[in-house]
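Q: Would you mind keeping the following structure in view while I ask a few things?
The values are calculated or read from the model by the stated rules, or taken from the named source; none is laboratory data. Note that the coordinates shown come from a computational prediction; the quantities given were computed from them, not determined experimentally. Quick reminder, even Gly has a Cβ in these numbers, built from the backbone with ideal geometry, and neighbours come from all protein chains shown.
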Amino acid sequence: MVYTVAVLFSLVGYFIIGNLAGRRVKNLDDYLVAGRNAPTLMILGTLVASYLSTSAFLGETGFAYQGYPFVMLIFAAISTAGCLLGALVFGRYLRRSEAMTVPEFFGKRFASRRVQMIAGLTTVVGLGAYLLGVMQGAGIMFEELTGLPYWTGLVLVWLTYTSFILYSGSQGVVLTDTIMFLIFSIAAVGGSLYIISDLGGWSGVIEGLLAQRDKPDIALWHGVIEGEGAAFSSPGEALIWGLTLGLVWATVLAASPWQSSRYLMARNEHVVMRSAMLTAVVLAIFYALMMMTGAAINLYDPTLDGERAMVWAALNVLPVWLGVVILTGVFAAGLSSCSTFLSIIGFSLAHDILPASRGERSAMRASRIGVLAAGLVALLLALFQPPAVMAVVWFAATLFASSWGPVALMSIWSRRITAAGASWGLGVGFVGNLILSLMVQAEWLSLPVYLHPVVLSTLAALAAIVVASRLSSVSQAERDYLAFLHRSPVQNEHGWALVTRRVAVVTMLAGVGTGLFLWWQYADSLATLAARFAVTEGAVTGAYLLAVGCGTMLVIAGAVGFWLVRARRAEAASASMSK
């Protein structure tokens with residue numbers, strides 16, 4: 001009963017907060033991009049909330065429970081660093097464009113309504129699939145917590161986030177995302193620390209995982225590689241999977257519409273850089289704690305359904321008050337992602353695909369109709385499609401890695417890419433990935449782990465961009481817009497740069513701290529127990545390399561951010577002296 005009350009209370013609370021934010025909506029700029037005045041905390045909150053949905057709390061933690069906590073850490077070390085590097089090489093230029101949506105940015109960059117429409121179509125289809133996955137996760141959570149039917153939870157969740165998006169747009173999404181981010185951050189840290197402490201700390205968990213026989217090698221860096229349910233057949237295959245998917249998700253964090261569009265709402269480019277660095281730090285801490293927690297749940301019960309392991313632990317292991325916090329936090333993560341994805345789908349449908357509306361009032365009306373129509377379709381699909389949270393979410397995300405990734409990066413750093421190249425790159429990357437993924441899922445095609453559909457479709461997209469660009473020419477409008485994007489603003493650079501450099505230093509220190517923590521708590525614990533449990537020297541060495549690698553990626557990301565701020569400051573000083 002207490003969980004039912006908590007969930008219903010949270011739904012009412014988010015509904016009220018989201019609708020109160022609607023009072024600040026005065027024009028289309030407020031509705032679509034929150035007035036371009038969001039501070040660092042709000043951009044941080046919406047970036048993390050957009051990324052950490054029910055897929056992370058249920059699906060990815062479930063994958064760790066099934067035997068792969070440290071493979072997920074390899075994945076996370078690369079993907080989270082991509083968040084900052086993506087902001088530096090794409091996000092800050094996107095903010096400079098002052099576009100309303102990311103597809104509009106592509107349209108302006110290539111002086112082509114066609115490119116904008118293709119990007120808009122991929123947004124609606126790809127994010128529609130992503131929205132389906134996180135809605136199903138929220139429905140599962142509601143059913144587990146309240147005992148009410150799955151469809152009831154879907155409808156209530158849908159009504160909550162759709163209602164405040166219709167009224168407040170991005171203002172409501174950013175505010176509720178930030179509140180949800182704070183709640184599920186507390187939940188993740190609190191729940192993880194309780195479970196790990198209850199099992200004797202990190203060393204106790206490592207020892208327990210080495211001693212159990214249900215999932216052999218779960219405590220090693222490569223995870224389970226034996227048995228009928230093993231996802232990988234060798235340590236090398238596990239490593240390739242972690243590296244490949246890490247790079248894929250680094251691209252997703254850099255260029256996907258639900259992540260990069262958050263930068264359009266930032267107060268300025270320094271807010272973009274600060275929020276991206278802090279997002280990388282938060283995600284690194286989250287994965288270090290939650291993946292270990294997912295694996296540790298095996299010491300209570302190794303026979304659970306992976307995607308429900310965290311819910312089971314909250315209901316059966318944690319104190320009631322902490323269980324309420326963590327489950328409402330997970331529920332909030334799903335709700336925040338739903339609101340983000342639906343808002344982007346609706347805005348893109350109205351702004352990028354349909355004919356341009358005349359006047360702000362008609363444009364806002366079209367955006368609201370787009371949100372409602374997209375939400376209804378997503379609700380109907382979620383009601384009749386069997387839940388598969390992690391599979392659906394990861395499939396949808398890779399669509400953007402292969403289509404948007406190459407075009408987004410080349411739109412900033414290539415003088416040769418043309419509108420035709422961008423169009424073909426978006427289409428080939430998206431459709432190619434979709435077809436290959438469906439063929440693999442239907443077992444019509446079998447691919448080795450290093451030839452994941454996203455890898456093949458990305459290569460095909462790059463080839464399409466090169467060929468189409470060579471067969472067409474760059475227009476003067478495209479050249480002029482690219483030159484505009486590379487004119488760095490220097491107003492009030494000194495004051496903003498000082499704080500941003502401090503954030504970069506914090507990011508580097510967080511990397512050092514993460515590496516030392518994993519070295520001490522994981523690698524040293526494994527080394528101490530190696531002789532007792534016949535752990536090979538290679539597995540121990542792998543644990544130390546994992547610790548170093550996870551910390552190094554954050555250090556590199558912070559160092560790049562620090563260097564960039566210094567370069568911008570020098571540019572500002574040079575411009576000031578030349579006046």
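Q: Hand me the list of helices (runs of 4 or more DSSP H) wholly inside the range 475-557 holding 2 or more residues that are without any contact (Cβ under 8 Å) to a residue 60 or more places away in the chain and within 30 Å of G236 (Cα to Cα). Spell out how you get there, then give the answer.
A: Numbers: elements: 476-485, 493-518, 524-533.
The helices (runs of 4 or more DSSP H) meeting that bar are 493-518, 524-533.
Q: Moving on. Give the residue, chosen from A530, A534, that is over 29 Å from T279 (Cα atoms) and modelled with pLDDT under 90.
A: Of the residues listed, the single one that is over 29 Å from T279 (Cα atoms) and modelled with pLDDT under 90 is A534.
Q: Tell me which residues, restricted to the range 71-130, are in a helix (DSSP H, G or I) and of a type in the set (S, T, Y).
A: Once the filter is applied, which keeps residues that are in a helix (DSSP H, G or I) and of a type in the set (S, T, Y), the range 71-130 yields S79, T80, Y93, S97, T122, T123, Y130.
Q: Restricting attention to the range 297-340, and to residues there that are aromatic (F, W, Y) and under 23 Å from P216 (Cα atoms), which single residue is modelled with the lowest pLDDT?
A: The extreme case among them is W312.
Q: Separate question: Conditions: (1) modelled with pLDDT under 85; (2) surrounded by 24 or more Cβ atoms within 10 Å (Cβ to Cβ); (3) closer than 25 Å to A276 by Cβ. R109 meets all but one. Number of the miss?
A: (1)
Q: Related question: Do we find that F142 is part of a helix (DSSP H, G or I), of a type in the set (F, W, Y) and farther than 26 Å from A255 by Cα in this structure?
A: yes
Q: Any chance you could count how many residues in the range 262-285 are within 17 Å of S79 (Cα to Cα) and surrounded by fewer than 24 Cβ atoms within 10 Å (Cβ to Cβ)?
A: Counting residues in the range 262-285 that are within 17 Å of S79 (Cα to Cα) and surrounded by fewer than 24 Cβ atoms within 10 Å (Cβ to Cβ) gives 4.
Q: Could you identify the single residue in L283, L304, L278 that is among the hydrophobic types (A, V, I, L, M, F, W, C) and over 29 Å from V89 (Cα atoms)?
A: After ruling out the rest, the residue left standing is L304.
Q: If you check L210 against the conditions, is it of a type in the set (A, V, I, L, M, F, W, C) and either touching a Cys at 6+ places or on another chain (Cβ under 7 Å) or buried (at least 24 other Cβ atoms within 10 Å of the Cβ) (or both)?
A: Numbers: of a type in the set (A, V, I, L, M, F, W, C): yes; either touching a Cys at 6+ places or on another chain (Cβ under 7 Å) or buried (at least 24 other Cβ atoms within 10 Å of the Cβ) (or both): no.
Here the answer is no, as L210 does not meet what is asked.
Q: Among the aliphatic types (A, V, I, L, M) and within 20 Å of A350 (Cα to Cα), is that true of M117?
A: Taking the combined requirement at face value, the residue satisfies it.
Q: A further question follows. On the phi < 0 side of the Ramachandran plot, among the β-branched types (V, I, T) and in a helix (DSSP H, G or I) - does that describe any residue in the range 434-447?
A: yes
Q: Which members of the range 275-303 meet the condition of being of a type in the set (S, T, N, Q) and outside any helix (DSSP H, G or I)?
A: Keep residues of the range 275-303 that are of a type in the set (S, T, N, Q), which gives 275, 279, 293, 298, 303.
Answer for the range 275-303, where residues must be of a type in the set (S, T, N, Q) and outside any helix (DSSP H, G or I): just T303.
Q: Take the conditions basic (K, R) and assigned to a helix (DSSP H, G or I) and apply them to R262. Does it pass?
A: yes
Q: List every residue pair whose Cβ atoms sit under 7 Å apart, with the two residues 6 or more apart in sequence or on different chains, where the first one lies in the range 444-471 and is closer than 18 Å to S411 by Cβ and the second, anywhere, is surrounded by fewer than 20 Cβ atoms within 10 Å (Cβ to Cβ) and among the charged types (D, E, K, R).
A: Matching pairs, first to second residue: S469/R416.
Q: For W158, indicate whether it is over 22 Å from the mean Cα position of the chain (by Cα) and closer than 22 Å to S339 by Cβ.
A: Details: over 22 Å from the mean Cα position of the chain (by Cα): no; closer than 22 Å to S339 by Cβ: yes.
No, not satisfied.
Q: For the range 289-306, does any single residue satisfy the condition of being of a type in the set (V, I, T), more than 26 Å from A559 (Cα to Cα) and crowded, with 23+ Cβ neighbours inside 10 Å?
A: Residues of the range 289-306 that are of a type in the set (V, I, T), as a first pass: 293, 297, 303.
From what's left, more than 26 Å from A559 (Cα to Cα): 293, 297, 303.
Retained after the next criterion (residues that are crowded, with 23+ Cβ neighbours inside 10 Å): 293, 297.
Yes, the range 289-306 has at least one match.
Q: Out of curiosity, is V134 modelled with pLDDT under 85, under 17 Å from the mean Cα position of the chain (by Cα), over 18 Å from A254 (Cβ atoms) and of a type in the set (A, V, I, L, M)?
A: yes
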